[in-house]
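A short write-up of the structure that comes next.
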Amino acid sequence: MEDIIDLAARVGDTLKARNLLLTTAESCTGGGVAQAITEIAGSSEWFDCGFVTYSNASKTDMLDVSAAAIALHGTVSEEIAAAMAEGALANSNAHVAIATTGIAGPGGAVPGKPVGTVCFAWSRDGATHTERLVFQGDRQAVRTQTVAHALTGLLKFLR
């Protein structure tokens, strides 16, 4: 797996070349995507802000994710990841968003959503792409894989 800081630097180069600002909306990663991004010197040129919305209430309050959608789809769903990304764009000055929501473990599994289930969304210009993966490993391994995939997915989304 490519080093996370190298991935963040590639994301920065790509965004800077296109004059785009990024925002993040994170749940299971607890700000890990934003942390990786801000490890890069000069990231203020292409990173606007990050939202760490761990609770359902914060997703509703900060990102305008409807409580009804959370009740209908569950917090760990592609629908909620999409709503988080779109809400981050609506509540920031950014042009592009990454969202993560998942079950890092060791607890929290529900039927159909084992530990390691993570939903992603990448959004720009009214287009949102979502994905659901199940990662293996302990809590830290799931979170690390999630950060790396969020950055890799953004590079693919921007192509």
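Residue-wise test of (1) farther than 19 Å from Ala88 by Cα; (2) under 14 Å from the mean Cα position of the chain (by Cα); (3) of a type in the set (Ser, Thr, Tyr).
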| residue | (1), (2), (3) |
| --- | --- |
| Val110 | yes, no, no |
| Thr117 | yes, yes, yes |
| Asp125 | no, no, no |
| Glu131 | no, yes, no |
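For the stretch 60-85, how many residues are outside any helix (DSSP H, G or I), farther than 11 Å from Thr100 by Cα and among the small types (Gly, Ala, Ser)? Spell out the reasoning first.
To start, the set of residues in the stretch 60-85 that are outside any helix (DSSP H, G or I) comprises 64-66, 74-77.
Next cut, farther than 11 Å from Thr100 by Cα only: 64-66, 74.
If we keep only those that are among the small types (Gly, Ala, Ser) as well, we get 66, 74.
Residues that pass the stated criteria total 2.
For (1) in contact (Cβ under 8 Å) with a residue 12 or more places away in the chain; (2) touching a Gly at 6+ places or on another chain (Cβ under 8 Å); (3) not in a helix (DSSP H, G or I), each residue gets a yes or a no:
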{"residue": "Ile98", "(1), (2), (3)": "yes, yes, yes"}
{"residue": "Thr101", "(1), (2), (3)": "yes, no, yes"}
{"residue": "Thr128", "(1), (2), (3)": "yes, no, yes"}
{"residue": "Glu131", "(1), (2), (3)": "yes, yes, yes"}
{"residue": "Leu151", "(1), (2), (3)": "yes, no, no"}
{"residue": "Lys156", "(1), (2), (3)": "no, no, no"}
- Query: Of the residues in the stretch 36-78, how many are among the charged types (D, E, K, R) and crowded, with 20+ Cβ neighbours inside 10 Å?
  - Reply: 1
- Item | Filter result (assigned to a loop (DSSP other than H, G, I, E, B) and modelled with pLDDT of 95 or more) within the stretch 107-124 | Pro114, Val115, Gly116
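Might you let me know whether the stretch 79-97 holds any residue that is modelled with pLDDT of 95 or more, among the β-branched types (Val, Ile, Thr), buried (at least 20 other Cβ atoms within 10 Å of the Cβ) and under 22 Å from Asp61 (Cβ atoms)?
Let us first name the residues in the stretch 79-97 that are modelled with pLDDT of 95 or more, namely 79-97.
Checking which are among the β-branched types (Val, Ile, Thr) leaves us with 80, 96.
From the residues that got through so far, the ones that are buried (at least 20 other Cβ atoms within 10 Å of the Cβ) too are 80, 96.
From what's left, under 22 Å from Asp61 (Cβ atoms): 80.
Checked the stretch 79-97: at least one residue is modelled with pLDDT of 95 or more, among the β-branched types (Val, Ile, Thr), buried (at least 20 other Cβ atoms within 10 Å of the Cβ) and under 22 Å from Asp61 (Cβ atoms).
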- Query: Among the residues of the stretch 17-34 satisfying the criterion of being surrounded by 15 or more Cβ atoms within 10 Å (Cβ to Cβ) and free of Cβ contacts under 8 Å to residues at least 60 places away in the same chain, which is nearest to Ala94 (Cα to Cα)?
  - Reply: Ala34
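The values are calculated or read from the model by the stated rules, or taken from the named source; none is laboratory data. The shown structure was predicted, so the numbers you read here are calculated from the model rather than taken from an experiment. Neighbour counts are summed over all protein chains in view; Cβ atoms, including those assigned to glycine, are modelled from backbone coordinates with ideal geometry.
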